[in-house]
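The values are calculated or read from the model by the stated rules, or taken from the named source; none is laboratory data. Just so it is clear, the structure is predicted and the values come from calculations on it, not from any experiment. For accessibility, only protein heavy atoms count, side chains too; no ligands or nucleic acids. Shrake-Rupley method; radii C 1.70, N 1.55, O 1.52, S 1.80 Å.
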Amino acid sequence: MTFHVERIDHVVLRVRDLPAMVKFYEQALGFKVERTLERLSLVQMRAGASMLDLIQGERPQSGGNMDHLCFRIEPFDRPAIESRLSPLGVAISETLDRYG
């Protein structure tokens, strides 16, 4: 079976001032808060068909503030994905259902 990347599902950014960044994305780009997870200090904002997740935290010593990027794959066929990626040296770890 074949699969394709449908879209970017979500991007997670680490931010120092969570309320200020939520306000910025609301005012500058019209994003709407879709969900807040207080225990993680995480705010998920709707960005069209995708999500922008903002998480309270300092950026790592090396690198930027992007925590991770997730693509929506359709149809989700783990064996097909492993078959395509393993020759490129990419190992697939556990698969989890996530909101977004």
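Just the protein heavy atoms count here, and of the accessible area of the chain at 1.4 Å, carbon and sulfur take up 54 percent.
Ordered from highest to lowest accessible area with the whole protein assembly present and a 1.4 Å probe, 41, 62 read as 62, 41. Along the stretch 26-43 the Karplus relation, 6.51 cos²θ - 1.76 cosθ + 1.60 evaluated at θ = phi - 60°, assigns HN-Hα couplings of 5, 6, 6, 10, x, 5, 10, 5, 9, 7, 10, 10, 4, 5, 9, 6, 10, 10 Hz to successive residues, with x for each Gly and Pro.
A 1.4 Å probe run over the chain, with the rest of the protein chains in place, finds 71 Å² accessible per residue. Taking amide H atoms as placed 1.01 Å from N in the peptide plane, the amide H of residue 57 lies under 5 Å from those of 15, 16, each 5 or more residues away in sequence or on another chain.
What is the log10 of I(q)/I(0) for the chain, computed with the Debye formula using one identical point scatterer on each Cα and no solvent, at q = 0.12, 0.13, 0.14, 0.19 Å⁻¹? Summing over Cα pairs of the chain leads to -0.49, -0.57, -0.65, -0.99. Remark: C-alpha extents of the stretch 1-50 on the principal axes read 44, 26, 17 Å, sorted largest to smallest. Considering the stretch 59-100, its Cα convex hull presents a mean projected area of 4.5 nm².
Between 90, 11, 43, the residue with the greatest mean-square fluctuation in the GNM of the chain (Cα pairs under 10 Å linked by springs) is 90.
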